[in-house]
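Trainee: Take this structure first; my questions come after.
The values are calculated or read from the model by the stated rules, or taken from the named source; none is laboratory data. This structure is a prediction, so every number in the text was calculated from the model and none was measured. Here the Cβ positions follow ideal geometry from the backbone for every residue, glycine too, while neighbour counts run over all protein chains shown. Accessible surface areas use protein heavy atoms only, side chains included; no ligands, DNA or RNA. Shrake-Rupley method; radii C 1.70, N 1.55, O 1.52, S 1.80 Å.
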Amino acid sequence: MEKEDQKKFYKHAPFSNVHLRIYLAIILGQFTSGYTIQVSGAAISAAQKYLPLSSLWIGLIGSGTLIGLAGSLFVGKISDNIGRRRLLLINMYVLTGISLCQFFTSNLWLTFIFRVIVGLMIAIDYTVGNTLLIEWLPFKESGKMQSRLVIYWTLGFILAYFSSSFIPDFGALTWKIIMVSPAIFGIITAIFRSFAKLPSSPSWLVNQGKPKKAQKVIQKHLGIKWGISKKQKLHAAKVTESSANFSWTILFSKKYIKHTLVGGVFYASQAFSFFGISIFLPILISKMGISDTNLVGYLYNGCMLLGILLGIRIFGTISRRKFLVGDFLLSAACLLILSLWSSIPKELALFTFSLFSLALSAGLVMDYPYTSELFDSHIRGTGVGMVVTISRVGAAAGTLLLPVITNSVSVQFSMLLCGLILLFSGIFCLFFAPETSIKYKKS
């Protein structure tokens, strides 16, 4: 009876049309998110010719989207209460509208506020989109397909870096055109989601005490032979009672605190260095004394994409813990070499900087599957939201502080700070990170 129930459990169904629709909807959101986050760096570079931007304002506008992303906890909690689908159907329309509003102002405070709101809309994709995806994807495909999402995010991120090269020079309007360009991808994503008929999450419906409705949703999209598991049916009422009343503080209870802290530390440390360095790459390159910024930009971004592909390649071959720890230690070593070896030859500096990009980017593959695997389904939206919120605090801090530190102290000190943060995270994960891969839990 148990085997029969296992065969009919919808998470064992083969990959089908409904999975593809959801996956494409999330892919488009990831591409748009990556592009939107990075585009502020290119816009700021263009705006410096026409606006009196201090290091603080450069940091604030660059980090505005990331500050908005800190609303992921709030968004995750809402998704656990009202569902995933509704939020994903509106966020890209709002992102598009707010992006367009940026064209009509040169006020720095207003631009900053718009960037924060845009970041909040991206938070929905980061938190809710990934949660809906993991709750629909078949077990056999889940980890692999989640790890590949970062490819599309990175492609958007890289495209935004070079956006100033593709957009013609319109003088003082150029930076505004760059800043509103995410609206193109935002409206494409919004329209696709409106017509793709995204389904509700069966797991969420069960956790709301609606197992019959969950059964209907599954059978509508997968066929009559698939449904919720017997275990879900038996525990629907119990889960509903506990999930209806839980607070986000449950994430710091004895059962979840280690998972919450590991997720927050690993994600925040990674984000601090990645976003701080990547968004303000031209500024850092110039401070390193390297004249050919375009060459380093192409090299850095090329290694970023290569690192993502390498990370996907090795994702299923080693345990989650080994991946995390090894990636952090290698990334930290690269930055510590660059910061402490003052007379390093430029060729070796370029190689080490490229290796850093390769290593840290490979670790981005862990962001979606690992954070989702850390939490049970009935608190997954809130759990992932908390981890993303912590990470965006790290990302915003890196984006805000690194330009200031680089200009007021030195680029070497900025890299030393990033290196020490990555080293701490690697050691922390070595001692506390749980193994979430079913394959390596058994070994």
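Trainee: Need at least 2 residues that are at pLDDT 75 or above per element, so show me which helices (runs of 4 or more DSSP H) inside the stretch 220-289 make the cut, counting only ones lying wholly within it.
Mentor: Values: elements: 230-245, 257-279, 281-287.
Once the helices (runs of 4 or more DSSP H) in the stretch 220-289 are filtered for at least 2 residues that are at pLDDT 75 or above, what remains is 257-279.
Trainee: Determine whether Arg86 is touching a residue at least 12 places away in the same chain (Cβ under 8 Å), in a helix (DSSP H, G or I), basic (Lys, Arg) and surrounded by fewer than 24 Cβ atoms within 10 Å (Cβ to Cβ). Spell out the reasoning first.
Mentor: Numbers: touching a residue at least 12 places away in the same chain (Cβ under 8 Å): no; in a helix (DSSP H, G or I): yes; basic (Lys, Arg): yes; surrounded by fewer than 24 Cβ atoms within 10 Å (Cβ to Cβ): yes.
No, not satisfied.
Trainee: Across the stretch 101-123, what is the total count of residues that are open to solvent by 10 Å² or more (accessible area, probe 1.4 Å) and assigned to a helix (DSSP H, G or I)? Full working, then the answer.
Mentor: Restricting attention to the stretch 101-123, the residues satisfying the condition of being open to solvent by 10 Å² or more (accessible area, probe 1.4 Å) are 101, 103-110, 112-114, 116-117, 120-121.
Add one more test, that the residue is assigned to a helix (DSSP H, G or I), and what stays is 101, 103-104, 108-110, 112-114, 116-117, 120-121.
The total comes to 13.
Trainee: All but one of (1) crowded, with 17+ Cβ neighbours inside 10 Å; (2) within 27 Å of Ser372 (Cβ to Cβ) hold for Asn17; which doesn't?
Mentor: That leaves (1) as the condition not met.
Trainee: A further question follows. Taking the condition under 20 Å from Trp109 (Cβ atoms), modelled with pLDDT of 85 or more and open to solvent by less than 50 Å² (accessible area, probe 1.4 Å), does Ile58 pass? Show your work before the answer.
Mentor: Numbers: under 20 Å from Trp109 (Cβ atoms): yes; modelled with pLDDT of 85 or more: no; open to solvent by less than 50 Å² (accessible area, probe 1.4 Å): yes.
Answer is no for this residue.
Trainee: Here are some residues: Asp367, Asp376. Which one is over 16 Å from Ile277 (Cβ atoms), crowded, with 24+ Cβ neighbours inside 10 Å and out of contact with any Gly (no Cβ under 6 Å at 6 or more places or on another chain)? First the steps, then the outcome.
Mentor: On the way: Asp376 fails: crowded, with 24+ Cβ neighbours inside 10 Å.
Asp367 is the lone residue from the list that is over 16 Å from Ile277 (Cβ atoms), crowded, with 24+ Cβ neighbours inside 10 Å and out of contact with any Gly (no Cβ under 6 Å at 6 or more places or on another chain).
Trainee: One residue is enough: does the stretch 339-352 have a residue meeting the conditions within 29 Å of Leu251 (Cβ to Cβ) and touching a residue at least 24 places away in the same chain (Cβ under 8 Å)? If you could, list the steps in order and put the result at the bottom.
Mentor: Taking the stretch 339-352 and keeping what is within 29 Å of Leu251 (Cβ to Cβ), we get none.
No, the stretch 339-352 has no match at all.
Trainee: A follow-up question, please. Looking at the structure I just gave you, is Gly383 in contact with a His (Cβ under 8 Å, 6 or more places away or on another chain), on the phi < 0 side of the Ramachandran plot, open to solvent by less than 10 Å² (accessible area, probe 1.4 Å) and part of a helix (DSSP H, G or I)?
Mentor: Details: in contact with a His (Cβ under 8 Å, 6 or more places away or on another chain): yes; on the phi < 0 side of the Ramachandran plot: yes; open to solvent by less than 10 Å² (accessible area, probe 1.4 Å): yes; part of a helix (DSSP H, G or I): yes.
Judged against the criteria, Gly383 is a match.
Trainee: For the stretch 304-319, how many residues meet the condition of being open to solvent by less than 20 Å² (accessible area, probe 1.4 Å), part of a helix (DSSP H, G or I) and at pLDDT 85 or above? Outline the logic, then answer.
Mentor: Start the filter on the stretch 304-319 by keeping residues that are open to solvent by less than 20 Å² (accessible area, probe 1.4 Å), which leaves 304, 307-308, 311, 315, 319.
Applying the additional criterion that residues be part of a helix (DSSP H, G or I) yields 304, 307-308, 311, 315.
If we keep only those that are at pLDDT 85 or above as well, we get 304, 307-308, 311.
Looking only at that region, the number is 4.
Trainee: Against the condition modelled with pLDDT of 80 or more, open to solvent by 50 Å² or more (accessible area, probe 1.4 Å) and part of a helix (DSSP H, G or I), how does Phe428 come out, does it pass?
Mentor: Details: modelled with pLDDT of 80 or more: yes; open to solvent by 50 Å² or more (accessible area, probe 1.4 Å): no; part of a helix (DSSP H, G or I): yes.
So Phe428 fails the test.
Trainee: Given the conditions (1) farther than 19 Å from Tyr152 by Cβ; (2) crowded, with 22+ Cβ neighbours inside 10 Å; (3) polar (S, T, N, Q), report the number of the one that Ser45 does not fulfil.
Mentor: Just one mismatch for Ser45, condition (2).
Trainee: Working carefully through the options Ala349, Ala395, find the one that is assigned to a helix (DSSP H, G or I), under 17 Å from the mean Cα position of the chain (by Cα) and aliphatic (A, V, I, L, M). Step through it out loud before you land on a result.
Mentor: Numbers: Ala349 fails: under 17 Å from the mean Cα position of the chain (by Cα).
Result of the check over Ala349, Ala395: Ala395.
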